[in-house]
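This report refers to the structure that appears directly beneath it.
The values are calculated or read from the model by the stated rules, or taken from the named source; none is laboratory data. Nothing here was measured: the structure is a model prediction, and the numbers come from that model. Note that each Cβ is placed from the backbone with ideal geometry, even for glycine, and that neighbours are counted across all protein chains shown.
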Amino acid sequence: MAFSSSQGRGMERRQESKAGPRALAGNPQLSEGAVPRVAKQEQEKLSGVVKSVHRSLRKQYLEDGNFDKVWNQHCKDERKLGEYACAMKSLADNYWTKKCEGQSRIEWCLGVCRDYFFNGGKRKIIEKDARRAVLNNGAFSGDADNPSHIVPSSGQTPGSLSDGLMFHHSGKMRLLDVGSCYNPFLKYEDILAVGIDIVPAVETVHRCDFLNLQIRQPLQLAPEAVDIFLKNLRSPIESLHSELFDVVVFSLLLSYFPSRYQRWLCCKKAHELLALNGLLLIITPDSSHQNRHALMMKSWKIAIESLGFKRMIYSKFAHMHLMAFRKTSLKTTCDLITRNYPDMLYIPQDFNFMSEKGYSRTSYVRSERENEQLACTFSELPGGPFESDSRAGQTSTRSFYEFEEPILLMN
């Protein structure tokens, strides 16, 4: 029987279509290689959504200069923020968790909190500070060699180190996750997690504009009643009581804001919301070598400690800096006269975007004291638990788009 050329081509196509799946299944390199390519394309698409929001916000701020106006307009764009929230959740669920290779920001936060509140870390660091205070300026009275007998000599209530009440943490840790997106801490039984975001990705996160959050007087309630109060919070949250939380988490939050003053204001609010000796955990993206931005980390340390914190831990993962600050004073200090502390909370994107777009602003001029600090900055390495400036932490020497949003493409 004779076949036409068109019939022959049709049979060839049918044979190829039947053989295609078998050939793909028989070739692991092809079948396995196709999946990463698709996943990478999807990740790049999601990352593009996130980065476009960041760049748009920075551009608007540089063009207008009024961060309140720009921020309020930004918060009204529900469609864009909804896309951003979905993209962030998808990145966290499908890519970051699988590629962190033991360097999970959530696990790091959990480890720091549990070591501090439940495994003796809080007692260790407070006793260390007490001994230092006795030896340096006599701020405490008692036996420096026996910290359990050290009692504050100031007008504070004697929390009595001897009976352990200052160190004992009963119940769950009250944790505020700012910019939570999908409330990753909710599943842990030892944490009472309150997640807030301007546009939540899930129902368990409360709608809240943290920059405009009103801080009220402390609650005068028993611990059990405070827990009930937190569990019954409803969206939108417009105000919270001071000294309400044991932990405040800023995970990939501060670099979101285009203004340094906004970053500083967030840290100030965190100090007000934390109980004495509570923890502020800050995670910010950076895929460069640990010492590449050592000056920036030193600058952040000075600015945040000016509010009444003391840095306790600094670690460097492959794609991020991780810092734990302890609230050391009840009063939130705001000395903006002797030093421009907000301007010290800069990020590389501040300079990169201005350079690309041709914007020019007065550069930050360091004082003599800051120049001296700069000289010793390069010896600073990430530290282990409760020894922020003494031991090397986790790090990576791999350079990766340091002026972009490196954590978005963790390949």
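Restricting attention to the stretch 264-286, which residues are under 25 Å from Arg58 (Cβ atoms) and either buried (at least 23 other Cβ atoms within 10 Å of the Cβ) or in contact with a strand residue (DSSP E or B) (Cβ under 8 Å, 6 or more places away or on another chain) (or both)?
Selection gives Trp264, Cys266, Cys267, Lys269, Ala270, Leu280, Leu281, Ile282, Ile283, Thr284, Pro285, Asp286.
Residues that are within 17 Å of the chain's Cα centre (by Cα), buried (at least 18 other Cβ atoms within 10 Å of the Cβ) and at pLDDT below 95 do occur in the stretch 184-193.
Could you please let me know if Leu295 is part of a helix (DSSP H, G or I) and surrounded by fewer than 18 Cβ atoms within 10 Å (Cβ to Cβ)?
So Leu295 fits the description; yes.
Trp300 passes every criterion in (1) more than 30 Å from Val49 (Cβ to Cβ); (2) part of a helix (DSSP H, G or I); (3) in contact with a His (Cβ under 9 Å, 6 or more places away or on another chain) apart from (1).
Which residues, counting only those in the stretch 316-343, are touching a strand residue (DSSP E or B) at 6+ places or on another chain (Cβ under 7 Å) and not polar (S, T, N, Q)? Scanning the stretch 316-343 gives His319, Met320, His321, Leu322, Met323, Ala324, Phe325, Arg326, Lys327, Leu330.
Of all residues in the stretch 172-200, none that is over 22 Å from Tyr256 (Cα atoms) has its Cβ atom under 9 Å from the Cβ atom of a residue that is part of a strand (DSSP E or B) and modelled with pLDDT under 95, 6 or more apart or on another chain. Could you tell me whether Pro218 is under 17 Å from the mean Cα position of the chain (by Cα) and assigned to a loop (DSSP other than H, G, I, E, B)? So Pro218 fails the test.
If we scan the stretch 329-337, do we find a residue that is among the basic types (Lys, Arg), at pLDDT 90 or above and farther than 26 Å from Ser288 by Cα?
Among the residues of the stretch 329-337, at least one is among the basic types (Lys, Arg), at pLDDT 90 or above and farther than 26 Å from Ser288 by Cα, which makes the answer yes.
Filtering the stretch 237-263 to residues that are assigned to a helix (DSSP H, G or I) and surrounded by fewer than 24 Cβ atoms within 10 Å (Cβ to Cβ) leaves Leu254, Ser255, Tyr256, Arg260, Tyr261, Gln262. Per the conditions (1) modelled with pLDDT of 85 or more; (2) touching a Pro at 6+ places or on another chain (Cβ under 8 Å); (3) not aromatic (Phe, Trp, Tyr), the sole criterion not satisfied by Ala92 is (1). The single residue among His289, His293, His271 that is modelled with pLDDT of 95 or more and not charged (D, E, K, R) turns out to be His271.
Put simply, of Asn146, Asn119, Asn137 the only residue that is farther than 30 Å from Val202 by Cβ and at pLDDT 90 or above is Asn119.
Between Tyr314, Tyr359, Tyr256, the distinction of being at pLDDT 95 or above and of a type outside the set (Gly, Ala, Ser) belongs to Tyr314 only. How many of the residues making up the stretch 327-341 are part of a loop (DSSP other than H, G, I, E, B) and in contact with a helix residue (DSSP H, G or I) (Cβ under 8 Å, 6 or more places away or on another chain)? Residues meeting the conditions: 5. Look at (1) over 30 Å from Gln73 (Cα atoms); (2) touching a helix residue (DSSP H, G or I) at 6+ places or on another chain (Cβ under 6 Å); (3) at pLDDT 95 or above and you find that Val248 fails only one, number (1).
State the number of residues belonging to the stretch 216-236 that are within 18 Å of Trp71 (Cβ to Cβ) and surrounded by 14 or more Cβ atoms within 10 Å (Cβ to Cβ). So the count comes out to 0.
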